[in-house]
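Heads up, the thing below is written out as structure tokens.
The values are calculated or read from the model by the stated rules, or taken from the named source; none is laboratory data. Quantities reported herein were computed from a predicted structural model and do not represent experimental measurements. Methodologically, a virtual Cβ is constructed for each residue, glycine included, from the backbone with ideal geometry; neighbour enumeration extends over all protein chains shown. Note: areas computed on protein heavy atoms with side chains; ligands, DNA, RNA excluded. Shrake-Rupley method; radii C 1.70, N 1.55, O 1.52, S 1.80 Å.
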Amino acid sequence: MSEQRHPPYAASCPDCDVDLESDAPNEIVDFYRRHHRVTGHDVAFTRIDPALGEAVDEDDLDEVYTLADVVAQLEGEYDDGAPIGAVAAAMSERGTSLGETLEEVHEIRMNGALYEPRDDHLRAF
């Protein structure tokens with residue numbers, strides 16, 4: 001009997017009882033954007049890749065978990081910057097919703113502390 005493999009990321013809308021599992025964290029962000037645009041509902045991560053938690057070392061953050069700090073720690077793990085979905089997943093572990101994270105990304109980018117080397121991938125200045 002083979003063991004069923006679950007993708008490392010999953011999200012769900014508690015209001016609609018719809019969910020998505022994915023190997024790519026940015027697919028969760030795309031799911032959120034489509035679902036929120038149609039329903040106005042937020043979507044929450046229900047599963048996050050355990051390796052993501054290891055990549056964000058809380059001891060290095062001096063107990064201040066700003067989004068820019070999380071991006072700075074994750075960006076080295078990826079060639080094209082940290083996927084916005086991975087950043088959102090890490091922030092959800094710190095109590096920030098996916099929608100709140102995307103709003104904060106926009107604000108911080110407009111202030112010049114983050115940039116996108118390619119669509120939906122972030123780097124900190």
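List of remarks:
- Check on ARG109, of a type outside the set (A, V, I, L, M), exposed (fewer than 15 other Cβ atoms within 10 Å of the Cβ) and either part of a helix (DSSP H, G or I) or free of Cβ contacts under 8 Å to residues at least 12 places away in the same chain (or both): yes
- Residue within the range 74-96 that is part of a helix (DSSP H, G or I), modelled with pLDDT under 90 and open to solvent by less than 40 Å² (accessible area, probe 1.4 Å) present: no
- Restricting ASP120, ASP30 to residues that are out of contact with any Pro (no Cβ under 7 Å at 6 or more places or on another chain), charged (D, E, K, R) and either free of Cβ contacts under 8 Å to residues at least 40 places away in the same chain or open to solvent by 30 Å² or more (accessible area, probe 1.4 Å) (or both) narrows the list to ASP30.
- Meets criteria (under 24 Å from HIS6 (Cα atoms) and modelled with pLDDT of 90 or more) for LEU20: yes
- Odd one out for TYR115 among (1) under 15 Å from the mean Cα position of the chain (by Cα); (2) part of a strand (DSSP E or B): (1)
- Residue ID - farthest from VAL87 (Cα to Cα), chosen from residues in the range 28-46 that are charged (D, E, K, R) and at pLDDT 95 or above: ARG37
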